[in-house]
Structure formats: structure tokens, C-alpha cells
1. Looking at the stretch A:457-466, is at least one residue β-branched (Val, Ile, Thr), in contact with a helix residue (DSSP H, G or I) (Cβ under 6 Å, 6 or more places away or on another chain) and crowded, with 21+ Cβ neighbours inside 10 Å?
2. Pull up the stretch A:473-488, narrow it to residues that are among the aliphatic types (A, V, I, L, M) and out of contact with any Ser or Thr (no Cβ under 8 Å at 6 or more places or on another chain), then point me to the one that is surrounded by the most Cβ atoms within 10 Å (Cβ to Cβ).
3. What are the residues in the stretch A:229-238 that are more than 10 Å from chain B (Cβ to nearest Cβ) and not hydroxyl-bearing (Ser, Thr, Tyr), if any?
4. Among the residues of the stretch A:248-274, which ones are more than 7 Å from chain B (Cβ to nearest Cβ), more than 19 Å from residue A:156 (Cβ to Cβ) and not in a loop (DSSP other than H, G, I, E, B)?
5. If a residue has to be in a loop (DSSP other than H, G, I, E, B) and either at negative phi or buried (at least 19 other Cβ atoms within 10 Å of the Cβ) (or both) to count, how many in the stretch A:26-51 make the cut?
6. Kindly indicate whether any position in the stretch B:107-116 is more than 7 Å from chain A (Cβ to nearest Cβ), among the charged types (D, E, K, R), part of a loop (DSSP other than H, G, I, E, B) and touching a Gly at 6+ places or on another chain (Cβ under 9 Å).
7. How many residues, within the stretch B:12-22, are surrounded by 19 or more Cβ atoms within 10 Å (Cβ to Cβ) and either in a helix (DSSP H, G or I) or at the interface with another protein chain (Cβ under 10 Å from one of its Cβ atoms) (or both)?
8. Could you please let me know if residue B:88 is within 30 Å of residue A:167 (Cβ to Cβ), surrounded by fewer than 21 Cβ atoms within 10 Å (Cβ to Cβ) and more than 9 Å from chain A (Cβ to nearest Cβ)?
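The values are calculated or read from the model by the stated rules, or taken from the named source; none is laboratory data. Keep in mind that what you see is a predicted model, and the values were worked out from it rather than measured. Here the Cβ positions follow ideal geometry from the backbone for every residue, glycine too, while neighbour counts run over all protein chains shown.
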Amino acid sequence: MTVYAAPGTPDAKVTFKPRYEHWIGGEWVKPVKGQYFEDISPVTGKPFAEVGRGTVEDIDAALDAAHRAAPAWGKTSSTERAAVLNKIADVIDANLELLAVAETWDNGKPIREPLNADLPLASDHFRYFASAIRAQDGDHAELDGDTVAYQFHEPLGVVGQIIPWNFPILMAVWKLAPALAAGNTIVLKPAEQTPVSILVLIELIGDILPPGVVNIVNGFGVEAGKPLASSPRIRKIAFTGETSTGRLILQYASANLIPSTVELGGKSPNLFFSDVADRDDAFYDKAQEGFVLFAFNQGEVCTCPSRALIQKPIYDSFLGAGIERTKLAVQGNPLDTDTRVGAQASNDQLEKILSYIDIGKQEGARLLLGGERVDLGGDLTDGYYVQPTIFEGDNKMRVFQEEIFGPVVAVTSFDDYDDGIAIANDTLYGLGAGVWSRNGNVAYRAGRDIQAGRVWVNNYHAYPAGAAFGGYKSSGIGRENNKLALEHYQQTKNLLVSYSEDKLGFF
Amino acid sequence: MIEASVVIPGETLPRVAATAETVDLLRTLWSANGPLMFHQSGGCCDGSSPMCYPDGDFITSDNDIRLGVLDISDGGEPQPIDFWMSREQFEYWSHTFLTVDVVKGRGSGFSLEAPEGVRFMIRSRLMETATPFE
């Protein structure tokens, strides 16, 4: 058990600056309007830094820098770009604890998560796309004896990216890595709830990237995000967040005739077939953990397994064991490596979760565990903590249909395979799902029948680079984490070359 | 607290209300931004909460449904604010009455209140609709 020192205290791995400017053209640049906003740590509920409050003027300055850098970066060979990405990965690995403390303080998640998941995944993501771009070939075709077509992948140019607050550094990296690998320059707008940890990272890697290749403007969505997304000076806008903003992003993209990829969340079902309980062995233990993974990252994951569907014959025993297993999830100081459940990212998230717990009860769902805000006392007393919560009910209830984005799972039973699949698919969303079965055929068929872009079979919450990730239905458009993502950041140049010395004979 | 008007054909009960704090905030936002609208968002991160936009910024379609109109004027010129939701989402919400409240927060998406350090959210209660949604 290690308890990391809070930032700014003796022995702390990171000390935040009192004020962070924007990162534009490879340097810190003050907001044009000179305004700042407070960044509040969910760990304590108290502000810990001021951050530039970006406006359209800052976005335009960032776009200027990105446009200046775009031609040279776009013409850099994939070999050189891959080397840059690999160096960034090395810096992340060398600063693991520093970045983990920064991430925990900005987001509230327990430090075992950035140490073991977020940050190793981030460095690996850069390495994956470094390899993918090196291995990406163009193609050619001999169309006739005198004509050859050559197809090249070219960058789009300057792209805009707007990211959420649930995995601040990792969500930035999921966007940055493929876009950079593909030769684009970027203006990134982090989430206003978590604007600082990405700036701590850019401070470490800023001199590896040519100036202007990555630019970061913080601010509120309506003041900074909207001017970025609707700017006619970007060739693509990428977004991860919720549906209404996703629709606006696509609206702006259509007005500017640019492509857009959007990842919009889900209400992911976790299906436990009866055979899971055939033996009380390591696999059963794993399935039990799979149930409790609704509490991972405080439930603030677009693919949170927030609906548990348990096949009737094992319903009581599996759920009973799941409740006991959930009680073991230690909630406490997020800087303590023993803590499993930390703070929600903001006050309004906490309030929203509590209001969902309330509507769950009103609709008649049975509260089996939790349901209350938590006061951890001492310095943590004003932090945003809520108990892992388990509801039992039916799939038409709002707590089964809407993304609560907290450590809340809604549990129901299913009869047979068809019933399980029908309930799993009875949702507006289709981002993630889990299928647990010892029977390979059942597991495979269920994986193919569930309408979701990611189905975890006999595991959950794994996000290795190389595994394509994205939504079906109202969960969005596009795929990340796989070489497919390169295509979202490239356009095809076809050179159609004639080797004939004779005229057409037409004019 | 104000209640929205009834706009869904065949219905007789309002579906949306706004607390006094919400009305005050909306009046402030209206002075700064002009006419406003709400669209209830779904999905991850800042979803499951209403987004407040300048009226017309968010293009609604036949796949959205207007649940009611909140008039925040104080007896003077009407200041109507439409409250919208996607139809597919409404199928799961139609049995609940929605009260738009305000809490301290960091805000999100492109919703107008974020710079004020607050966030709109929905408090729900069960309701009996006069006629069921078809």
C-alpha cells in the first residue's frame, strides 16, 4: 500500500503551476481576452489551478499555428513521424507516477487506474500507431499498357479534436496518436472538468513535436469548443461525448463539408449465462469481477457495464455473490494504491447520479446496495464520492436505458439465449457489451448477435491498441484504436499517370 | 417554479417544469444570448442532462419531439423556450415528469450556462399522461 503525496506537498511527484496558459505554436500563450477559470479537484472539491479560458480568438491563433506547421509535418516521412511518436511513448513511460498523480488529482480516479491502465495504454497507443503508419502501404494498378494509377494516403491537414474528462490523458492520446501518425496538425480542446493533466503531459513532450503540430486551447464548450468545431479552417472534427453535442458537431461538419467521427456513449449489457456457475473456479471468480467492473473508473466510462443480465437458473447465487464482491471495493483516498473507487469528476456529475438513484427508486427498482453520497472526512470531506450502487428491476426502466455515468448497475434476469439477446439489444445504444459463457459456441453467437461495436467475450474493460473500438446505433460513428483510425485522418490521392506519347485523337 | 405549456397533440398535462433558480438563470442567459431552446442529451459523459442553446442553433427534425414550451417572461413580452428530446429517447421517458433544476458544476457540451459555474439537470418524477404516447 502506497499513499502518494498530494500535489504540491513535500515528496509529491507533481507540483502544479498556479496558472496554465494555452499551448500554441510550441509555447505557452496567454488567452487573448485574459480570462481564466478554476480547475477543481474532485478529490477534495477544492480548486488547485487556474486555466486559460479560451475564446474564438485563441482558437484562431491555434489554427494559425497548426496551419503554419501543417505543410512540413504533412510532408515528413512516416518513418520520421513514427520516431516522434515512439519518443513520446518513452517519455510517458519515464514519467508514469508524475502523470498518474496529475491525472488522479484532475479527474478523481484512484491512482491504481492511471498507473496500471490509463498511462501504459497511452504510451502503447503511440507505439501502435507508430508501427501502423510504418506498415501502411499505398497501392498501384496498371490500368492498361500505358496507364498506371498510384494511390497515396495523404493527411487531411489541420484537424480539430474535442475530448471528454473521463480519461483525460488517454482520451487525448486516442485522438492525437492516429492524427499525428497520419501527418495532420491538431487543435485540441480538452474537457473543462479536466483541463490540466494534458498540459502536464505537453510540458514533458512539447519539445519532441515541431512547434504548432499539437496546439491545446482550454475553455468552455460554448466559448472554445464551438468555434473550433464550426471553424471552416479544419478538415475534420472528432468528438467523444454525449448525443446532443454529437449532433451539433455533425451539423457543423455538414455545414463545412468535412468528415466527423463521434463516440457518444452507451448502456452496455453484461450477459452472464448459467454455465458460468458450473464450477467455483478461477473463471467464476473472473466472472464475478466482471460484474463488479461497473464500478471501474467510478462508472465514468462510455462502455460501463451498467446493465447486468443474469440467466435465471443462477440469478440468486450469482447476484448474491456479486453484491458481496462489490462490498469489497474499497472507496477512499484516490492517492492510495489500495483504493478501488475514487471520486466522481464534478459536482454536477454527482448530482446527476443521485437524481438517477432517486428516479430508480420511484420507478420501483429495488435498491440492493449503496445509493448514498459518501463523506470520507478530513481533506476529502467536500470531494464528490458516491457509493457503488446496485439496482434490480426491468429493462424498460430509465435506470436501465440511460447512461448514469456513475458506479451504478441495474440488474435483471433472462430466460434463454433469445431472451438474453433481446434484452441486451433493447437499448438506443450499441457501444459495448460483455458476454460470459464457458460454451464457446454460445459466446461466439451472442457476440455476433449483440448490436454493439465492442463485445468483450469472457472479459471486460480491456482496451488494447489494435482492437477497433466504436459504436453501433446511437453510440456514434467511426472506429478508434486500430489502424482503421488512420483512414479517418487521411484522404486518398490518386495519381493517374500516362506513359503514352500519343495524343488522344479527340481535339 | 413554472410549468411548460402542453404541446403534444391529444395531451392535457404539462410534462416539463423549471425551478425558480432555473428561471432566473434562463433570464440571464436570454439577455446575453437572445431566444433559447433546450435539447435533452443522452449518452456518455455529460449526457442524461438538458443542453441549453441559442434557439435554432440545434437543428431539430421529425425525429425529435417537443415536450413543452417554458415561458420565462415576467408578464411582459413572451420569452418562450422549447424543450426538445429525440423521439427514440422519449419512448423511455414518457412516463416521467421533468423538472429542470440548476446545480453548481463544471458544465459541458456547448450548453450556454457552463461559464456561469452551474449546470442544468433534470429531476424526474413519475406522471400519469392524459393519453399515452402512441
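1. Of the stretch A:457-466, the ones β-branched (Val, Ile, Thr) are A:457.
If we keep only those that are in contact with a helix residue (DSSP H, G or I) (Cβ under 6 Å, 6 or more places away or on another chain) too, we end up with A:457.
After this cut, where a residue has to be crowded, with 21+ Cβ neighbours inside 10 Å as well, the list is none.
No, the stretch A:457-466 contains no residue that is β-branched (Val, Ile, Thr), in contact with a helix residue (DSSP H, G or I) (Cβ under 6 Å, 6 or more places away or on another chain) and crowded, with 21+ Cβ neighbours inside 10 Å.
2. Taking the stretch A:473-488 and keeping what is among the aliphatic types (A, V, I, L, M), we get A:477, A:484-486.
Restricting the remaining residues to those that are out of contact with any Ser or Thr (no Cβ under 8 Å at 6 or more places or on another chain) gives A:484-486.
Details: A:484: 15, A:485: 28, A:486: 19.
Only one residue tops the list, namely A:485.
3. At the first step, the residues of the stretch A:229-238 found to be more than 10 Å from chain B (Cβ to nearest Cβ) are A:231-238.
A:232, A:233, A:234, A:235, A:236, A:237, A:238, listed by residue number.
4. A:269, A:270, A:271, A:272, A:274, listed by residue number.
5. First, the residues of the stretch A:26-51 that are in a loop (DSSP other than H, G, I, E, B): A:26, A:30-35, A:42-45.
From the residues that got through so far, the ones that are either at negative phi or buried (at least 19 other Cβ atoms within 10 Å of the Cβ) (or both) too are A:30-33, A:35, A:42-45.
Selection size over the stretch A:26-51: 9.
6. yes
7. 1
8. Working: within 30 Å of residue A:167 (Cβ to Cβ): yes; surrounded by fewer than 21 Cβ atoms within 10 Å (Cβ to Cβ): yes; more than 9 Å from chain A (Cβ to nearest Cβ): no.
No.
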